[in-house]
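Have a look at the structure below before the remarks.
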Amino acid sequence: MKLEAIAPATATGNCVTLPGAGTLQPDLTGGEIPLEGGLRFSDAGHRLDVTHVHLHPGARYASADVAKDGAPASNIDLYRFELSLSTVRIGLRTVNTTPIPVNITEPAAAAFTDTFGASPAAAGAPLFTFEGHGEITNPIGTFPTP
């Protein structure tokens, strides 16, 4: 199976980087981070496009639109992950994660199976690892005007 980036995401080898901006609670209990671009999985004349990925850190999952062979997209729970203050480092101006396994959900495994005849991982098993880096641009929020 081939993995490609859908712009503005970029690929280097088997690593795809999806840019985005969002929010993250310092105690990891909330936030939302929409990512731009997407991932394209292809093999044997079929493709599965994964776009509009939204990370939901507090709920520990990501949702995305998936589309088989150019058909209309469906929004699904894509994967689940665990976060802790030992895997996420929040500094004064940056947020970084250690590699975090992301576990494919049943709907995502079904989308792979429907497209390619099999899923690269069983539902609940790791599909890949996520490694994040973010710049903190406004930790305080906006100031009220008098």
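The values are calculated or read from the model by the stated rules, or taken from the named source; none is laboratory data. None of these values were measured; they are calculated from a predicted model. Quick reminder, even Gly has a Cβ in these numbers, built from the backbone with ideal geometry, and neighbours come from all protein chains shown. Accessible surface areas use protein heavy atoms only, side chains included; no ligands, DNA or RNA. Shrake-Rupley method; radii C 1.70, N 1.55, O 1.52, S 1.80 Å.
The table that follows gives values for the structure above.
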item: Rounded to whole Hz, the Karplus (6.51, -1.76, 1.60) HN-Hα couplings of segment 92-103, x for glycine and proline; result: 5, 10, 9, 10, 9, 10, 6, x, 10, x, 10, 9
item: Ellipticity estimate at 222 nm from DSSP helix runs (n ≥ 4, -39,500 (n - 2.57)) divided over the chain, nearest 500; result: -2500 deg cm²/dmol
item: Theoretical gain in end-to-end length, Ala44 to Thr17 [0.36 nm per residue, Cα-Cα removed]; result: 7.3 nm
item: 0 to 90° range, to nearest 10: angle between helix 106-116 axis and the chain longest Cα axis; result: 40
item: Loop sites in segment 20-123: trypsin sites (Lys or Arg not before Pro), DSSP, at most 10 other Cβ within 10 Å; result: Arg93
item: Percent carbon-and-sulfur accessible area, the chain, ignoring ligands, DNA and RNA, probe 1.4 Å; result: 56
item: Given [x] 27, 18, 13; [y] 29, 16, 14; [z] 31, 15, 12, the label whose value is semi-axes √(5λ) of the Cα gyration tensor in Å derived from this model; result: [y]
item: Dipole magnitude of the chain about its Cα centre (Cβ charges: Lys, Arg +1; Asp, Glu -1), debye to nearest 20; result: 220
item: Accessible surface, the chain, averaged per residue in Å² (probe 1.4 Å); result: 59
item: Using a Förster distance of 22 Å, the FRET efficiency for Leu85-Thr113 (Cβ separation, nearest 0.05); result: 0.05
